[in-house]
1. Please go through region 142-158 and give me each residue that is farther than 15 Å from Tyr192 by Cα, more than 12 Å from the ligand (Cβ to nearest atom) and surrounded by 14 or more Cβ atoms within 10 Å (Cβ to Cβ), ordered by number.
2. Would you say Thr296 is touching a residue at least 24 places away in the same chain (Cβ under 8 Å) and within 30 Å of Asn52 (Cα to Cα)?
3. Answer yes or no: is there a residue in region 329-347 that is over 24 Å from Glu17 (Cβ atoms), loosely packed, with under 13 Cβ neighbours inside 10 Å and not charged (D, E, K, R).
4. Restricting to region 170-203, and then to whatever is in contact (Cβ under 8 Å) with a residue 60 or more places away in the chain, surrounded by fewer than 24 Cβ atoms within 10 Å (Cβ to Cβ) and among the aliphatic types (A, V, I, L, M), can you tell me which residue is nearest to Lys160 (Cα to Cα)?
5. Being acidic (Asp, Glu) and within 12 Å of the chain's Cα centre (by Cα), is that true of even one residue in region 160-177?
6. Across region 115-136, what is the number of residues that are in contact (Cβ under 8 Å) with a residue 60 or more places away in the chain and assigned to a helix (DSSP H, G or I)?
Amino acid sequence: MAIVYNFSAGPAVMPKEVLEKVQRELLSYKNSGMSVMEISHRSSLFADIQKNAEGNLRKLMNIPDEYDVLFLQGGATLQFTMAPMNLAINKKKIDFVDTGHWAQRAIEEARLVDGIEVTQITSGADSKYTSLPEIDDSLQEDADYVHITLNNTIEGTAFKIVPTFKEVPIIGDMSSNILGQRYNVTDFGMIYAGAQKNIGPAGLTVVIIRHDLVEKSPDLPAMLSYKKLVAKNSTLNTPPVFAIYCAGLVFEWLLAQGGVDEMEKRNRKKSKLLYDYLDSSSVFQSPVAIESRSLTNIPFVTGNAELDKQFIALANDNNLVGLKGHRLVGGMRASLYNAFPIEGVEKLITVMEKFELEHKE
Ligand code: PLP
């Protein structure tokens, strides 16, 4: 089979070695005679999978003991609701940093939670979200927490340094760059991420939350309550066993590759290759301000919708798939997650150069 490079923003490319291991173990997990999809979530086989996955994630991200790790369902989108319900409890106010589509979705959902006041303390709307807004802690109002989207999957911007705020915790949506670059967990009250980009199959959401915030959270229906989910070690109901198993294998793979710092190094190299080409091209451009650029999601355009379409068709013919930009931004987008190989970026640039030669004015 020809090599296909999958540039999709999510669900996204998984490490080949992990998929091969899943394939080998699929029919009989650890000689149990059962598939991992068939084993009980109350069995010691699964307890070990979850324990190892959590332990390895803690190693990868240097997660201190005072943080709980949850493996949940409902995607990052459910966290747009759970975070306000559990954490906006004293002042009932949340400050949001508006960096584009996913930040806006988080704002919309928070507004639907009864009695919560939402403030957009800063916004990148003026630049059409092609650069990150300025943040300083004087912007921070009297809120329970500040919400930040660390990597903006659609717009292709990312915070390299986490802004600091006076006394309030930061809640970070890290869905599209978790484990792809180094952040300090202790800069956050909570981090959450849908798994389907840098972690594993869809259906799993990782939440990393400081225990004192869990302790203070109110009594809520069980599946919406961090406190109850922590008390039951994420197995309050049947957890997504297969997705947690795959995530565990990805964490092992990441450790074997050299961990998050090595991933960041590789992601910088891959993204630099593409940005350097874009900045020198006479046909393709990056719309994103240099200092705001993401390492994992790289939108680019020709400035002509018809040419964009032609390029996407040429890319598909060359087994470069998933490059169509998000409908909100148009153009193309190359998502270069941890498992995406540098050879894919090199091939993309070769095809772009060919296209450029044919379409240069
Ligand atoms: N937040 C960000 C930054 C995303 O990129 C996405 C999905 O692409 C989401 C939230 C929504 O994630 P989910 O589909 O897991 O709800």
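Any read-out appearing in this document is the output of simple, stated calculations on the displayed coordinates, not a laboratory observation. Everything numeric in this text was worked out from a predicted model, so none of it was measured. Virtual Cβ from ideal backbone geometry, glycine too; neighbours counted across all protein chains shown.
1. Ala143, Asp144
2. Details: touching a residue at least 24 places away in the same chain (Cβ under 8 Å): yes; within 30 Å of Asn52 (Cα to Cα): yes.
Spelling it out, Thr296 is indeed touching a residue at least 24 places away in the same chain (Cβ under 8 Å) and within 30 Å of Asn52 (Cα to Cα).
3. Checked region 329-347: no residue is over 24 Å from Glu17 (Cβ atoms), loosely packed, with under 13 Cβ neighbours inside 10 Å and not charged (D, E, K, R).
4. That would be Val185.
5. yes
6. Of the residues in that region, 1 qualify.
For (1) under 20 Å from Pro201 (Cα atoms); (2) within 16 Å of the ligand (Cβ to nearest atom), each residue gets a yes or a no:
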residue	(1), (2)
Phe71	yes, yes
Gly74	yes, yes
Leu87	no, no
Lys92	no, no
Asp98	no, yes
Gln104	no, yes
Glu108	no, yes
Val113	no, no
